[in-house]
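What follows draws every value from the coordinates through simple rules; no lab data is involved. Note that the coordinates shown come from a computational prediction; the quantities given were computed from them, not determined experimentally. Heads up, the Cβs are rebuilt from the backbone with ideal geometry, glycines too, and the neighbour counts pull from every protein chain shown.
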Amino acid sequence: MSNHINSAPPIVLTIAGFDPSAGAGVAADLKTFSAHNCYGVGAITAITIQNTQGIKSVHDTPAAELRAQLDALLEDIHKISAIKIGMLGHRGNAVVVADFLDRANVASIVLDPVMKSSEGDKELIDAGGIRFLAEELMKRVTVVTPNIAEAEILSGLPIKDHAAMEAAARKIVERGARAVVIKGGHMEKAIDVLFDGTEILNLGGDHLKSENTHGSGCTFASAIAAQLACGRPLREAVLLAKAYVTKAIERGFSIGKGPGPLDHFYRVHTDPPARGVHEVPQHGMHPAAEPGGH
């Protein structure tokens, strides 16, 4: 019997809502962490009633229950290497998360400031929560990843073109963020803007024809968190995350009547083993025995 003890991969925490169709929120985050060879743990901020066609209703986690989830992880997990924060639901949860960040001493934190459903008809955080996020929570994280509408709220500036994206990125950092990536997927040109407080970096990309983009924002933020957990510097983490999300969208598939999920495990699916071949520990690849005729 071996006494060898395997070391744990980087542990990444997601604090976000639950999507029963598993395309967005905590489910997407955990899949993304696994795809980057990290171990994901999670705290649920809300249970949503939704499918690929949209969100029907939202049931926010009470702040005391979110605090209990986070405390249980903090008292047990050896080391959390990075945190991804998504939907928070209300101000009480945002305050709990800020307090947790002050106590947890985690170096890499990605805040995806989710405010509305992708259809725009469901508020996913209350007005007090938005104010607290902008005035307090944003200061405690490594990078913020708003879309255009969220960046307009955080910066107080209208965004109609690429120059306005850059101006908004500078304003968000001026207001307390250490760094920001404004996602430009809904603009005429799909260019994201990264500003780290010193330099603007434009991340170009083509508009993808796939409709299977459900959870792409969650996945992008969690991919950045996973890359940071693996020791990548911010700029490299963002570039690698964008490349990962782009390919995952290209490989996305339909599971229902609305936009489908990304293929978070496209790397595994790209080159599947040949039929009749499997992997055996310490022995590499060898032909599997064909099943008998009995």
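Details
- Mean projected area in nm² (Cα convex hull; one quarter of hull surface) for segment 64-132: 4.9 nm²
- Two-site label geometry, LYS139 and THR198: point separation in nm, points 7 Å out along Cα→Cβ: 2.3 nm
- Packing-based ranking of 77-90, 51-64, 123-136, 169-182 yields 77-90, 169-182, 123-136, 51-64, ordered from highest to lowest mean Cβ neighbour count within 10 Å.
- Angstrom value of the Kirkwood radius, inverse mean 1/r, which spans all Cα pairs in segment 11-263: 17.8 Å
- Multiplying the residue separation of ALA149 and ALA8 by 0.36 nm and removing their Cα-Cα distance gives an extension gain of 46.9 nm.
- Under 5 Å, built H, 5+ apart or other chain: amide partners of THR14: VAL41, GLY42, ALA43, LYS84
- Computed helical MRE - 222 nm, the chain, DSSP H runs ≥ 4 contributing -39500 (n - 2.57), nearest 500: -10500 deg cm²/dmol
- Segment 27-134 - share of DSSP beta bridges that are antiparallel (%, nearest 5): 60 percent
- Near-label residues of segment 105-136 by backbone N, under 18 Å of a point 7 Å along Cα→Cβ of GLU211: 118-120
- Beta bridge orientation in segment 11-263: antiparallel %, DSSP, nearest 5: 40 percent
- 19 Å reach of a label modelled at GLU65, 7 Å along Cα-to-Cβ, counting backbone N of segment 20-38: 20-22, 25-27
- Residues whose amide H lies under 5 Å from that of VAL58, counting only those 5 or more places away or on a different chain, are ILE49; hydrogens are built 1.01 Å from N in the peptide plane.
- When the Gaussian network model of the chain links Cα atoms closer than 10 Å, the mean-square fluctuations of ALA190, ALA229, ALA28 top out at ALA190.
- Per-peptide average of other Cβ atoms within 10 Å, ordering 93-101, 232-240, 196-204, 217-225 highest first: 217-225, 93-101, 232-240, 196-204
- Computed extension gain for HIS269 through LYS189, at 0.36 nm per residue and net of the alpha carbon distance, reaches 25.8 nm.
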